[in-house]
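Some notes on the structure that comes next.
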Amino acid sequence: MRNMTLTGISKIFGRNHAAALDQIAQGKRKAEIAASCGAVVGLRDISFDVREGEILILMGLSGSGKSTLLRCMNRLVEPTCGRIRVGDVDVTALGRKDLLAFRQQTFGMVFQHFALLPNRTILSNVGFGLEIKNVPAESRNARAREAIALVGLSGWEHKYPHELSGGMQQRAGLARALAADAEILLMDEAFSALDPLIRRDMQAELRELQAKLGKTVVFVSHDLDEAVALGGRIVLMKDGEVVQIGQPEEIVARPATDYVERFVAHIDLSAVMRVEHVADRAAILPLDGSVAQVRARIAAAPEAWFVAGPDGRLAGRLRPERLAAARADEPVSGLLDREAGCIEEGTRLDAALRRIAAEGSLAVVTPDGRLVGALTSRDVVRALAARPGAQIPQQDPHRGEASTQNEPAGVERWSGASPNFPSTRSATTVSTGSPSMAAG
């Protein structure tokens with residue numbers, strides 16, 4: 001498996017491509033270019049990486065360029081200029097024959113409207129891509145059955161598409177892409193035609209499949225709630241440009257522009273943040289030490305400290321009142337509450353609120369028990385209140401209804417810009433790909 005890198009990708013529709021590219025290089029916007037030379041800028045100088053094994057969501061309103069960008073990745077739409085590389089392969093430099101072979105090997109595509117052949121059974125539909133590759137029937141059917149089982153359609157192999165519900169048909173479309181064993185799945189609004197409950201189920205199933213198979217997934221959506229549910233990095237687009245790239249919690253908590261802030265305004269921050277983003281690492285103390293040593297080290301008085309052993313794992317909780325009442329020469333290890341409540345990193349903040357309200361403080365730990373930090377109601381309120389334009393909720397946060405963000409503790413601090421923010425270089429390098437491939 002390989003990373004995919006996009007560099008300076010622009011797509012111009014209509015005539016006067018050269019004039020439009022020249023005006024892009026001058027910094028003119030989409031509306032100015034359309035008025036000046038009549039060309040429509042579909043994509044404007046887009047550069048970022050798609051990391052191996054990640055879910056990347058292309059987000060934006062209708063007309064933002066997200067579906068055009070997805071189709072540029074496998075050259076179903078031909079970029080006007082720029083480079084697309086998958087590993088060491090320059091996709092934009094491939095001729096027609098090599099491009100077709102590379103597509104079949106590297107990319108799988110799942111469409112919004114299923115694209116199943118009505119005169120073929122589900123087994124035949126799922127194996128269709130393998131049939132095109134001339135895979136022998138026995139091997140083809142075996143791989144198709146494996147993919148069908150992965151998406152939960154075992155027993156439906158010999159049914160026809162019209163005999164399946166919408167959600168089942170979309171599972172079949174996903175199975176077809178999985179059967180081809182493509183490295184990169186391109187999914188264009190794949191769940192938007194489904195009912196809300198089925199849609200949520202499919203989102204969860206996609207996350208599970210991606211975690212199990214390690215596929216790279218590029219998913220187009222206009223629904224921010226869906227992007228948050230899928231949990232990967234978001235590339236947010238407007239008028240053919242990338243306006244912000246980052247994890248959901250980064251974009252929701254620290255929008256880079258007024259447009260992004262309006263776009264994410266309805267999202268509950270506690271639903272996208274994880275407990276490790278809020279955990280206070282300063283509330284961790286070492287196990288080996290005396291009460292006097294701990295008192296000398298502590299400047300503040302949080303609701304509780306958590307103590308880590310020599311291996312970094314949670315040893316227990318130290319409450320301020322016990323520390324205050326202890327003798328100076330007393331070892332810290334004798335003051336610990338060994339039954340301290342803990343919660344695993346990766347847990348959504350909104351799922352932790354009830355426990356924080358009930359227990360006062362929780363230790364955030366890794367799956368193997370290593371201590372990340374302390375999580376208290378004060379940390380939650382401070383975190384959620386840090387959102388631009390946020391107001392402290394009127395509800396009592398101790399009732400588990402707060403919806404606020406602290407700068408993530410224990411992770412790299414984020415300045416509001418992404419290392420993958422789009423390049424401002426001149427987008428004038430002409431692609432050497434074949435223009436005849438523009439229609440796929």
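In this structure the amide hydrogen of L285, modeled in the peptide plane, comes within under 5 Å of the amide hydrogens of F306, V307, A308, none closer than 5 places in sequence on its chain.
Packing order of peptides 332-344, 74-86, highest average first: 74-86, 332-344 (average count of other Cβ atoms within 10 Å over each peptide's residues). Legend: calculated FRET efficiency, D268 to E208, from the Cβ-Cβ distance at R0 = 22 Å, rounded to 0.05, equals 0.40. Pairs from the list K133/K212; K133/K215; K66/K215; K97/K238; K28/K66; K11/K133 with a Cα-Cα gap above 28 Å: K97/K238; K11/K133.
Distances between placed amide hydrogens fall under 5 Å for V220 paired with L58, M187, D188, E189, A190, all partners being 5 or more residues away or on another chain.
The packing ranking of peptides 41-49, 368-376, 153-161, highest mean first, is 41-49, 368-376, 153-161, where packing means the average number of other beta carbon atoms within 10 angstrom of each residue. Set the Förster radius R0 to 25 Å, insert the Cβ-Cβ distance between D258 and A31 as r into 1/(1 + (r/R0)^6), and round the FRET efficiency to 0.05. Taking R0 as 25 Å, the efficiency between D258 and A31 is 0.90. Length gained on full extension, R51 to A93: 13.0 nm, using 0.36 nm per residue less the C-alpha separation. The phi-based Karplus calculation (6.51 cos²θ - 1.76 cosθ + 1.60; θ = phi - 60°) puts the 3J(HN,Hα) values of the stretch 167-174 at x, 5, 5, 5, 4, 5, x, 5 Hz, whole numbers, x for Gly and Pro. Compute the distance from the alpha-carbon center of the stretch 137-151 to that of the stretch 79-117, in whole Å. Measuring centre to centre over Cα atoms gives 23 Å.
Each of the peptides 101-112, 178-189 was scored by the mean count of other Cβ atoms within 10 Å over its residues; in descending order, highest first, they stand as 178-189, 101-112. Could you run the Karplus curve 6.51 cos²θ - 1.76 cosθ + 1.60 with θ = phi - 60° over the stretch 62-75 and give me ³J(HN,Hα) per residue in whole Hz, x for Gly and Pro? Ordered by residue, 3J(HN,Hα) equals 4, x, 7, x, 5, 5, 4, 5, 4, 6, 5, 4, 10, 6 Hz. Model label sites at A328 and K133, defined 7 Å from Cα along the beta-carbon direction, differ in position by 7.4 nm.
No value in this document is a laboratory result; all are computed from the given coordinates. All values derive from a computational prediction rather than experimental measurement. Backbone-built Cβ (ideal geometry, glycine too); neighbour counts: all protein chains shown.
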